[in-house]
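This report refers to the structure that appears directly beneath it.
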Amino acid sequence: MTHGYSKPLYVLPFDHRGSFQTGLFGWKGALTAEQTAEIAAAKAVIYDGFKAAIAAGVPRDRSGILVDEQFGAAILRDAAAAGFITACPAEKSGQDEFDFEYGEEFDRHIEAMNPTFCKVLVRYNPAGDAAMNARQAGRLRRLSDYLRRTGRRFMFELLVPAEKAQLDRVGGDKKAYDRDIRPALMVEAIHALQDAGVEPDVWKIEGLDRRDDCVRVAAAARRGGREAVGCIILGRGEDDKKVHEWLTTAAGVPGFIGFAVGRTTFWHALVEWRAGRQSREAAVEEIARNYRTWVDVFEGARTH
């Protein structure tokens, strides 16, 4: 299998675990079997929205879901049987430092779920704790090598949270950090991870406000013979307007092949459904419509 993935890729991510459990349901700590089933049922609404969008004409060969094993094992099996692109996370949820959800058994779980992409979410700031970055890079190298050896694809979600000193430089303004500081740090992080032997097929990237920064990030992902590696833009739970801007900015840049927009697609629909203010059917329709909108925005802005 050649390294990289450069075909269009439109992902509906709902692998949220901690944020789903506490944010949508208000539950903390260990879950009962009933609570687990209730979360799984909410994720089934999102999956039905995805399937409705495909049935309504969103291109199947470009569309994928990202869902976790804990609440979405049945969905992953169904999606694989239906021939959809699937992705499944390997990281523990809600930790500052990347570690494997299933520890030393990570490979068994990947083999059991058999997703198109194994996905990791990693918080990596090059100016952050050097020892922690090295530990993370070591684990990620191990995963990267395993995936390469077994012919599996690797999706890497890179988050670069601000260090205090970086935020201080812009007077604590998070938007200024995102605009003026984070883009260069992302390039640096991608280089450092590549140099540590971490080789994703797809980089999942936080939205960038400027086209030039998209160009630089794509160049970092594709440097040194990695021409087939793709980047996708993630939504960060932002409002429709911001996600629309990010998708439009990235879509015109070679190397940006799609997006992964989750909460902005499904959160409102699930909140309304859970509160009894809209039917399950209406929630499914809303999710399908939102997902379809992102596909249309991205495809409409593509120039390559």
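Every read-out reported here was derived from the displayed coordinates using simple, explicitly stated rules and does not represent laboratory data. In this text, all values refer to a predicted model and were calculated from it rather than measured experimentally. Note that each Cβ is placed from the backbone with ideal geometry, even for glycine, and that neighbours are counted across all protein chains shown.
General remarks:
- Sole exception among (1) in contact with a Pro (Cβ under 9 Å, 6 or more places away or on another chain); (2) basic (Lys, Arg); (3) over 19 Å from residue 102 (Cα atoms) for residue 17, by number: (3)
- Being small (Gly, Ala, Ser), touching a helix residue (DSSP H, G or I) at 6+ places or on another chain (Cβ under 7 Å), buried (at least 21 other Cβ atoms within 10 Å of the Cβ) and over 21 Å from residue 199 (Cα atoms) is a condition met by at least one residue of the stretch 71-89.
- Scope the stretch 184-226; condition surrounded by fewer than 19 Cβ atoms within 10 Å (Cβ to Cβ), over 20 Å from residue 119 (Cα atoms) and among the charged types (D, E, K, R); matching residues: 188, 209, 210, 211, 212, 216, 223
- In the stretch 54-70, the residue that is surrounded by the most Cβ atoms within 10 Å (Cβ to Cβ) out of those that are under 19 Å from the mean Cα position of the chain (by Cα) and either more than 22 Å from residue 5 (Cβ to Cβ) or in contact (Cβ under 8 Å) with a residue 60 or more places away in the chain (or both) is 66.
- Cβ-Cβ contacts under 8 Å between residues 6 or more apart (or on different chains), taken from a first residue in the stretch 83-111 that is basic (Lys, Arg) to a second residue that is assigned to a strand (DSSP E or B), are listed as 92/100.
- Check on residue 23, more than 21 Å from residue 235 (Cβ to Cβ) and surrounded by fewer than 16 Cβ atoms within 10 Å (Cβ to Cβ): no
- Summed over the stretch 114-139, the residues that are over 16 Å from the mean Cα position of the chain (by Cα), closer than 18 Å to residue 200 by Cβ and aliphatic (A, V, I, L, M) give a count of 1.
- Some residue of the stretch 9-21 being in contact (Cβ under 8 Å) with a residue 24 or more places away in the chain, among the hydroxyl-bearing types (Ser, Thr, Tyr) and touching a Leu at 6+ places or on another chain (Cβ under 7 Å): no
- Test: residue in the stretch 203-217 that is of a type in the set (Lys, Arg) and in contact with a strand residue (DSSP E or B) (Cβ under 6 Å, 6 or more places away or on another chain): yes
A quick yes/no check of all residues on (1) more than 20 Å from residue 14 (Cα to Cα); (2) in contact (Cβ under 8 Å) with a residue 12 or more places away in the chain; (3) surrounded by fewer than 21 Cβ atoms within 10 Å (Cβ to Cβ):
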site: 265; (1), (2), (3): no, yes, no
site: 270; (1), (2), (3): no, yes, no
site: 281; (1), (2), (3): no, no, yes
site: 284; (1), (2), (3): no, yes, no
site: 291; (1), (2), (3): no, yes, no
site: 302; (1), (2), (3): yes, yes, yes
